[in-house]
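Asks: Handing you this structure, nothing more for now.
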Amino acid sequence: MVDNMKSVVLWLILASPLADGLSPRELGRRMAEITPTNVTIGAMPNDQHKAAHAIDRDLSTLVATFTEDGKGWIKFEYAKTYFIHNVIIYYWFYTNWIDPNAHCVQSIAFFMGCVDNDNNVDVSVYQGEVKQKSCGTLQLTYGLEQSDQIYTLLCNTGGDTVLFSKNTGIIAFFEVVVTSTDRDWIIAEITPSTVTQGQTLFNDELAFAAKHAIDKDLMTNAASSTGNGAGWLKLEFNRIYAINKIIIFSRFYNNWYRVELCTQNEANFKLCVDISTNTDVSVYQGDVKQKSCGALQLTYGLEQSDQIYTLLCNTEGDTVKLTKNTGHLSVHEIAVITTGILL
Ligand SMILES: [Ca+2]
């Protein structure tokens, strides 16, 4: 135990990646990333491993805490309740840029010991003090040669706190990013002046309004029934654009899809996908169709978190229209991207 602690302390000291010749590594912002108002840790071994390092956008700085006496926790607190989608943990980048004299990369055995020390951190979402859900446990790989060690845990639950906790070893991260279900504006995205649909599904405007397709919230969706030619969703722009591509965000099936029927079993799930697939996506100029960008083909990705489909258009128009004759036409978000060249 003493030897183990020694190696942990040694690791914490020698792991400082800001040794000579190493420059900070900046991390760009992710789509739908949310920023905590407060980050705290159970025990701070020294200022070099402080809580702020978890969110300083620098992949060369480290937050770390010991776990003795119940101090094995790092807490992210947010100003409001978010629907928390992913927790992304950036870990050690062993290859090339770590000081070769550091304890953890002196031998395979030391390396594996360091990984074991940092492994198995529970990641959970809380609402205040009440645990909502565990998003899973961080499982680090023995990837000595891999350059990127980025671990994504899927949460898909609401809360205002993300807690990382563990009872043995240490907790250490180079950066943590939490994403919600809001999506950001995409480069060269154009905003329609109106969005309408044929017949709102079940006439339920609260649940399935057309505006939900462009509200930048991945939890809400537009949906229309398809009988009698009513299966359409139309985005109209106030001028003609050179339209490069159309990006459609579909359901995120894991856990939180609102119609429970779809996630009750594999067969139901496939049926739901079949009902919503094969939507034609076309560009119009007024009422005149210019080009079909293709048909949306949904995958049976029950376990996948992101279902983002891109259709290439490369044509000109002032209207994007989605049509479908059977099943439902359902879109959680749609983004129209120009070439950036104004006509
Ligand atoms: Ca939406």
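The values are calculated or read from the model by the stated rules, or taken from the named source; none is laboratory data. Here the structure is a predicted model, which is why all the values come from computation and not from measurement. Cβ: placed from backbone, ideal geometry, glycine included. Neighbour counts: every protein chain shown.
Asks: From the list Ile89, Ile108, which one is assigned by TED's automatic domain parsing to the domain that holds Gly28 and touching a residue at least 60 places away in the same chain (Cβ under 8 Å)? If you could, list the steps in order and put the result at the bottom.
Replies: Details: Ile108 fails: touching a residue at least 60 places away in the same chain (Cβ under 8 Å).
Of the residues listed, the single one that is assigned by TED's automatic domain parsing to the domain that holds Gly28 and touching a residue at least 60 places away in the same chain (Cβ under 8 Å) is Ile89.
Asks: Something else now. Just to be sure I understand, how many residues within the range 218-233 are surrounded by fewer than 20 Cβ atoms within 10 Å (Cβ to Cβ), touching a helix residue (DSSP H, G or I) at 6+ places or on another chain (Cβ under 8 Å) and of a type outside the set (Gly, Ala, Ser)?
Replies: The qualifying residues number 1.
One line per residue, one yes/no per condition, for (1) assigned by TED's automatic domain parsing to the domain that holds Gly317; (2) modelled with pLDDT of 95 or more; (3) buried (at least 21 other Cβ atoms within 10 Å of the Cβ):
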{"position": "Cys104", "(1), (2), (3)": "no, no, yes"}
{"position": "Gly113", "(1), (2), (3)": "no, no, no"}
{"position": "Asn117", "(1), (2), (3)": "no, no, yes"}
{"position": "Thr137", "(1), (2), (3)": "no, yes, no"}
{"position": "Ser147", "(1), (2), (3)": "no, no, no"}
{"position": "Tyr151", "(1), (2), (3)": "no, no, no"}
{"position": "Cys155", "(1), (2), (3)": "no, no, yes"}
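Asks: Any idea which residue in the range 204-219 is farthest from the ligand (Cβ to nearest atom), counting only those that are part of a loop (DSSP other than H, G, I, E, B) and under 22 Å from Asp280 (Cα atoms)? It would help to see each step written out before you state the result.
Replies: As a first pass, look at the range 204-219 and keep what is part of a loop (DSSP other than H, G, I, E, B): 204, 209, 215-216, 218-219.
Next cut, under 22 Å from Asp280 (Cα atoms) only: 209, 215-216, 218.
On the way: Ala209: 10, Asp215: 5, Lys216: 7, Leu218: 6 Å.
It comes out as Ala209.
Asks: Continuing with this model, one more query. Check off (1) within 13 Å of the ligand (Cβ to nearest atom); (2) within 24 Å of the chain's Cα centre (by Cα); (3) not in a helix (DSSP H, G or I) for Val178 and give me the number that stays unchecked.
Replies: Just one mismatch for Val178, condition (1).
Asks: Being touching a Lys or Arg at 6+ places or on another chain (Cβ under 7 Å), outside any loop (DSSP other than H, G, I, E, B) and either surrounded by 21 or more Cβ atoms within 10 Å (Cβ to Cβ) or outside the structural domain of Val162 (by TED's automatic domain parsing) (or both) is the filter here; which residues of the range 39-74 pass it?
Replies: Within the range 39-74, Val63, Thr65 meet the criteria.
Asks: Here's a follow-up. Wholly within the range 295-343, which strands (runs of 3 or more DSSP E) include no fewer than the required count, namely at least 2 residues that are more than 15 Å from Ile246 (Cβ to Cβ) and at pLDDT below 95? Step through it out loud before you land on a result.
Replies: On the way: elements: 308-323, 328-331, 333-342.
Fully inside the range 295-343 and qualifying: 328-331, 333-342.
Asks: Among the numbered criteria (1) in a loop (DSSP other than H, G, I, E, B); (2) buried (at least 18 other Cβ atoms within 10 Å of the Cβ); (3) in contact with a helix residue (DSSP H, G or I) (Cβ under 8 Å, 6 or more places away or on another chain); (4) modelled with pLDDT under 70, which one does Val8 miss?
Replies: Here Val8 meets the rest and fails (1).
Asks: Can I ask one more? If you scan the range 170-194, which residues turn out to be over 25 Å from Gly28 (Cβ atoms) and crowded, with 21+ Cβ neighbours inside 10 Å? Spell out how you get there, then give the answer.
Replies: Here is the first cut: in the range 170-194, the residues over 25 Å from Gly28 (Cβ atoms) are 170, 192-194.
Selection gives Ile170 alone.
Asks: Pick from Asn167, Asn96: which is modelled with pLDDT of 90 or more and part of a loop (DSSP other than H, G, I, E, B)? Before the answer, list the steps.
Replies: Details: Asn96 fails: modelled with pLDDT of 90 or more.
The unique qualifying residue is Asn167.
Asks: Before we move on, is Leu201 of a type in the set (A, V, I, L, M, F, W, C) and within 13 Å of the ligand (Cβ to nearest atom)?
Replies: Values: of a type in the set (A, V, I, L, M, F, W, C): yes; within 13 Å of the ligand (Cβ to nearest atom): no.
Against the criterion (of a type in the set (A, V, I, L, M, F, W, C) and within 13 Å of the ligand (Cβ to nearest atom)), Leu201 does not qualify.
Asks: Taking only the range 220-233 into account, find how many residues are more than 16 Å from the ligand (Cβ to nearest atom) and either more than 16 Å from Thr326 (Cα to Cα) or outside any strand (DSSP E or B) (or both). First the steps, then the outcome.
Replies: The initial filter retains those residues of the range 220-233 that are more than 16 Å from the ligand (Cβ to nearest atom), namely 225-232.
Keeping just the survivors that are either more than 16 Å from Thr326 (Cα to Cα) or outside any strand (DSSP E or B) (or both) gives 226-231.
Selection size over the range 220-233: 6.
Asks: Here is a list: Gln307, Gln297, Gln264, Gln285. Which entry is surrounded by fewer than 19 Cβ atoms within 10 Å (Cβ to Cβ) and within 16 Å of the ligand (Cβ to nearest atom)? Before you say what the answer is, go through the steps one by one.
Replies: Working: Gln297 fails: within 16 Å of the ligand (Cβ to nearest atom); Gln264 fails: within 16 Å of the ligand (Cβ to nearest atom); Gln285 fails: within 16 Å of the ligand (Cβ to nearest atom).
Step by step, each of Gln307, Gln297, Gln264, Gln285 is checked, and only Gln307 is surrounded by fewer than 19 Cβ atoms within 10 Å (Cβ to Cβ) and within 16 Å of the ligand (Cβ to nearest atom).
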